[in-house]
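None of the figures in this text is laboratory data; all of them are computed from the coordinates on show. Bear in mind that the values here come from a model prediction, so they are computed numbers and not experimental data. Counting neighbours? That spans all protein chains shown, and the Cβs are built from the backbone with ideal geometry, glycine included.
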Amino acid sequence: MFSNKDEFKQIFLKRLEMSSGKSFSECSLQDNYQALGSMVREFVSNDWIMTNERYMKGKQKQVYYLSIEYLLGKLLRQNLINLGIEDIVESGLMDLGICLSDMEEMEADAGLGNGGLGRLAACFLDSLASLHLPGHGYGIRYKHGLFEQKIVDGYQVELPEQWLRNGNVWEVNKSDLAVSISFWGKVETRMENGRLVFHHLNAETVNAVPYDLPVIGYMSKTVNTLRLWNAEPSQFSPHKDILKYKRETESISEILYPDDSHDEGKILRLKQQYFLVSASIQTILKNYRKLYGSLHSLHEHVCIHINDTHPVLAIPEMMRILIDEDGFDWDEAWFITTNTISYTNHTTLSEALEKWPLRIFRPLLPRIYMIVEEINRRFCEELWNRFPGDWERIAKQAIIADEYVKMAHLAIVGSYSVNGVAKLHTEILKSREMNLFYQLFPNKFNNKTNGIAHRRWLLKANPKLSALITDSIGTSWIHSASELSGLLRYQNDSSFLEQMAKIKTENKQILADFIYEKTSIAVDSNSIFDVQVKRLHAYKRQLLNVLHIMYLYNRIKEDSSFECAPRVFIFGAKASPGYYYAKKIIKLINTVADKVNQDLQIADRIKVIFLENYRVSLAEKIFPASDVSEQISTASKEASGTGNMKFMINGALTVGTLDGANIEIRELVGDANIFTFGLSASEVLHYQQHGGYQSIEYYHHDSRIRQAVDQLVNGFFPGVQNEFEPIFDSLLGENDQYYVLKDFASYAGIQEIIGESYKKQQQWQKMSLNNIAHAGYFSSDRTIKEYADEIWGIKPV
Ligand code: 26V
């Protein structure tokens, strides 16, 4: 489309005038962004079409990744980088007096997700395309992504997010490929020509309209597809109250995770799940039939991967189509289905394992329910045959039990592969949470340790460090992250280490300026930037971090000669809107921040910053500027973590428990290059099973703990009254379910060591370099290659 800067400028200016209807001088940054974005999108359209043609012609095995979340962030610069035109475009725009970074600010984050699970899906798409692998995403085109967070008087306030306000330059509406989804109604069973047939009568139908986004691989001709479904009223759904029908239909793709504390919200969530699944499976099977004539060998050419249990209805939906539409008998349909579907588990927390009440499931999805019932019946029969008389086992493993459908059980029974997302997590699944299933299907279980798109989280997010790396080891690391190990050559090169340190300080200054702009608080870029950014959850223990900050504060107040390395503690976290306790922690962080930041005696020794509205684009500013990465979950609770990997690849040192992928980080960098502390997973699990932990003892015996915990309720924070009583109660009244007080001493100890280590700058930079050099393993390219080889059996095209 253009081969040099001048050509680019010419085409861009023409396009700008045409699309905005204004002269160049009248155009706003938004106009510029729209013109450039749509130009890039069109630029790839030929490769996009060719990619699909190649897949079809070669009858390539393809994978479809179904996910209720995609946290894409911004796409403009990443697409320019991947197409290899970032420099031409940036300097061409500069000639025109336009700054590409300012233009990027016009792009809304596509925040169709909540945390690690959604960002993982986005990283996987990048790796699939960059590795030339035939893999596509299916999701929902929520009108509003995850809420926009404001902090008002220390409290989280949620505002509707508006990413589509100015349209979306990356998407292509393909309304001609819409499919129809059926809810409610009745199923009539009849005998026809010696066969049972099922008719879904009086269903309410909804149109699923696809919007396709190109997924552009790094320097590859591969352009895969992320298809997001939009819910629209169907012309054919006869309805008395047409406005109500329209409203209800559109609400399906209105928001991510509607409030499910009441049945109306639960119905909407289940509708969303079936909507995603039915639209995707219908389309996949339709296309397959067109190409291959029948669905007999589907499993040989298609993999359908379900990201957690939200899309698990893919299993009964496939069964429905195979049996009701294509006339397969049950056993054949089951064989094809269970050899097509693979499943990733992302949590062992029982409160996060999905189950749907039958009172909702049965009427909303009558035919799907019948199929789930039959899957359950056959599965229980199999259990009975293998373990005759073991009712207890059947009760524990049944898919339908206690008036609920248990989605994880359905996923395990109906798929050929079940994977965890880090070694420890997979071991816990096998030995505890899903042990009974593991005994039954040992070969299904496998581990795929998570990874991150290093081209976003290092190459794009940290241009200065990337340039230094490229200057020293060449560009091969961009394709093959394992090449980062070449950096180990420089671990005793003091000039290299100094350059690293200089870049870190520059990145910290950029963040410091941003913090000042947002909060009017000045932070010193020579302090340790100690950062905890992630969803707010009790098990992630932001509270442990805060209690430690309170202790440091108390210590400085009592003893002004107390030496501690100056620190800026930075937090970013959204709390789920209905999660009362998490919101209390946000208020606590902000309350402690006010107290500490305003205390002149503390001055620059400690600063506490809460950055509001944590999201992908903010994360990209934070990781490159971090010295210390807080990964302090209660051991056994964090399935993997992926933030830990993003910090690591940007040279931050981890302070962490032996949980999730922290363990694998330690294996790679060695004990000397990570700060670990606290209970191990087996110790936590032992306490959980056998008791023996009394939080009150730690309160009584450790005056640092007692002082900080008392301050939650003794008026230490003026004007908050009994605001923090629930936190106090969780620690003492409820015996501290997350072992915060138990791990406090060990955490405070390791933090002291961190302070001392930071003073030895040369040594610190060497540790940092060791982390970067070993982070290649955590590229999602490695993860995706493992999925491709060991689960999906797909090959690069
Ligand atoms: C969801 C909920 C919702 C209800 C309240 C409790 C609760 C606890 C956890 C979750 C998370 C569900 C799935 C999830 O997002 N897991 C995350 O997946 C990441 C990618 O594999 C992984 O790195 C994180 O460790 C894991 O928490």
Practice task
Count charges around residue 666 for me, please; just the other residues with Cβ under 12 Å from its Cβ, Lys/Arg as +1, Asp/Glu as -1.
Solution key: -3
Exercise for the section: Quick one: what are the phi-derived ³J(HN,Hα) couplings along region 406-417, Karplus 6.51/-1.76/1.60 with θ = phi - 60°, whole Hz, x for glycine and proline? Expected result: 9, 5, 5, 5, 4, 5, 6, 5, x, 10, 9, 9
Exercise for the section: Once you've got the Cα coordinates, tell me which of 143/574; 174/785; 9/74 are over 21 Å apart. Expected result: 174/785; 9/74
Problem - P(r) of the chain over all Cα-Cα pairs, binned every 10 Å from zero, in whole percent - result: 2, 13, 22, 25, 20, 12, 4, 1, 0, 0
Handout entry: Hydrodynamic radius by Kirkwood, which averages 1/r over all alpha carbon pairs of region 457-595, in angstrom
Key = 18.0
Problem - lysines with Cα under 16 Å of residue 430, excluding same-chain neighbours fewer than 8 positions away - result: 396, 444, 448, 637
Problem - Percent RCO, i.e. relative contact order, over the chain, from Cα pairs under 8 Å lying at least 6 residues apart - result: 13
Problem - Length-normalised contact order of region 598-662 in % [C-alpha pairs under 8 Å, at least 6 apart] - result: 34
Problem - Residue-averaged [θ]222 nm for the chain, counting only DSSP H segments that reach four residues, each worth -39500 (n - 2.57) - result: -14000 deg cm²/dmol
Exercise for the section: Could I have the simple spin-label model distance between residue 682 and residue 17, label points 7 Å from Cα toward Cβ, reported in nm to one decimal? Expected result: 7.4
Completion exercise
Taking r as the C-beta separation of residue 564 and residue 714 and R0 as 25 Å, the FRET efficiency to the nearest 0.05 is 0.55
Practice task
Tabulate in residue order the Karplus-calculated ³J(HN,Hα) for region 556-561, using 6.51 cos²θ - 1.76 cosθ + 1.60 with θ = phi - 60°, rounded to whole Hz; enter x for Gly and Pro.
Solution key: 5, 4, 7, 9, 6, 8
Exercise for the section: Quick one: net charge around residue 78, please, counting Lys, Arg +1 and Asp, Glu -1 for every other residue with C-beta under 9 Å from its C-beta. Expected result: +4
Practice task
Could you list which residues have their amide H under 5 Å from that of residue 614, counting only those 5 or more apart in sequence or on another chain, with H placed in the peptide plane?
Solution key: 573
Practice task
Give the whole-number value, in cubic angstrom per residue, of the convex hull volume spanned by the C-alpha atoms of region 620-734.
Solution key: 151
Fill in the blank from the handout: The answer for GluC sites (Glu not before Pro) in region 568-646 that fall in a DSSP coil and have at most 14 neighbouring Cβ atoms within 10 Å is none
Problem - In region 730-797, the GluC sites (Glu not before Pro) that fall in loop regions by DSSP, at most 12 other Cβ within 10 Å - result: 734
Exercise for the section: Any chance you could run the full-extension gain for residue 244 through residue 264? It's 0.36 nm times the residue separation minus the Cα-Cα distance, nm to one decimal. Expected result: 5.8 nm
Completion exercise
For region 590-598, Karplus-derived ³J(HN,Hα) couplings (6.51, -1.76, 1.60; θ = phi - 60°; whole Hz; x for glycine and proline) come out as 5, 5, 5, 4, 4, 4, 5, 5, 8
Problem - lysines with Cα under 20 Å of residue 240, excluding same-chain neighbours fewer than 8 positions away - result: 186
Handout entry: Normalised contact order of region 369-440, rounded percent, pairs of Cα under 8 Å and 6 or more residues apart
Key = 20
Exercise for the section: Calculate the spin-label point distance for residue 491 paired with residue 391, positioning each point 7 Å from the Cα along the beta-carbon direction, and give it in nanometres. Expected result: 6.1
Practice task
Step through the table entries 504/760; 246/266; 355/587, compare each Cα-Cα distance with 26 Å, and write down the pairs that go over it.
Solution key: 355/587
Exercise for the section: Would you mind counting up the charge near residue 367? Only other residues with Cβ under 13 Å from its Cβ, with Lys and Arg at +1 and Asp and Glu at -1. Expected result: -3
Handout entry: Computed FRET value (nearest 0.05) for residue 25 with residue 597, which takes r as the C-beta separation and R₀ as 51 Å
Key = 0.70
Practice task
List every residue whose amide H lies under 5 Å from the amide H of residue 779, counting only residues 5 or more places away in sequence or on a different chain, with H placed 1.01 Å from N in the peptide plane.
Solution key: 452
Practice task
Report, for the chain, the % of DSSP beta bridges that are antiparallel, rounded to 5.
Solution key: 45
Handout entry: Point-to-point label distance, residue 331-residue 95, nm (Cα→Cβ direction, 7 Å offset)
Key = 7.1
Completion exercise
Filtered hits (aspartates and glutamates, Cα-Cα < 13 Å from residue 5, offset >= 8 within chain) -> 86, 87, 90, 95
Handout entry: region 107-236: C-alpha gyration tensor shape, a/c 1.5 cut-off, then a/b vs b/c
Key = oblate
